[in-house]
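Beneath this line is the structure, given in structure tokens, with notes to follow.
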Amino acid sequence: MKRLLTAAAALFFLAACTNESPEPGVTAENAPEPTWSVACASGSTAIEGVGDLELDCLGDEAATVVGPGEKPLVVVLWASWCGPCQDEAPEVEAFYQAYGDQVDVLGVDTADTRDAGRSFAEAFGMTFPSVFDPDEAVRIGLGVPGLPGIAFVKPDGTVAALIAEPGVTAESLTETAESAFGLEPA
């Protein structure tokens, strides 16, 4: 029953946020389970303000330490119910496709349900990993007042830049990463 309610909520939120009707005949009882599954890699350094936080990977549910490894980390706070997050998802994906060799990107599905988050990631073709943060620990730790939010974290765990308002583009992400990390243009 809980799974049915979760699926119904996911369809409701996705339909409400996109102004699109679900496929005809799709109900909570027959909605397909999301198949999106991108594995996460644990970081090795705690993020300033967030600390030694471990969350479940949204894709494979493995425990994941939230923080940078050897490369800078771009932390993207999102949720399936967040309208601006829908606008930004393709922009973040384009940034990741262009610069994933220079920086790591970690999505943080915030204050959401696992199935709704996985459905969102699947719908937007996200190829970067995300963790599941139903209690908003990352958002609160970073001091982001609401969604969406993006933190640019240096390999030593310091936050070099923070974007806490909607409207990012692949270009603005690139500009901020160049300033924060010395990212090389693609």
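The values are calculated or read from the model by the stated rules, or taken from the named source; none is laboratory data. The shown structure was predicted, so the numbers you read here are calculated from the model rather than taken from an experiment. Cβ atoms come from the backbone with ideal geometry, glycine included; neighbour counts cover every protein chain shown.
Checking each residue in region 175-186 for being over 13 Å from Pro72 (Cα atoms) and touching a helix residue (DSSP H, G or I) at 6+ places or on another chain (Cβ under 9 Å) picks out Pro185, Ala186. Within region 97-128, the set of residues being more than 27 Å from Glu175 (Cα to Cα), surrounded by 22 or more Cβ atoms within 10 Å (Cβ to Cβ) and among the hydroxyl-bearing types (Ser, Thr, Tyr) comprises just one member, Ser119. The requirement of being within 15 Å of the chain's Cα centre (by Cα), charged (D, E, K, R) and either modelled with pLDDT of 95 or more or surrounded by 15 or more Cβ atoms within 10 Å (Cβ to Cβ) (or both) is fulfilled somewhere in region 139-159, by at least one residue. Is it the case that region 74-96 has a residue that's at pLDDT 95 or above, buried (at least 18 other Cβ atoms within 10 Å of the Cβ) and under 15 Å from Glu48 (Cα atoms)? There is at least one residue in region 74-96 that is at pLDDT 95 or above, buried (at least 18 other Cβ atoms within 10 Å of the Cβ) and under 15 Å from Glu48 (Cα atoms).
Applying the criterion of at least 3 residues that are more than 21 Å from Ser42 (Cα to Cα) to the strands (runs of 3 or more DSSP E) found wholly in region 104-186 leaves 159-163. Of all residues in region 60-87, those being of a type in the set (Phe, Trp, Tyr) and over 21 Å from Tyr99 (Cβ atoms) number 1.
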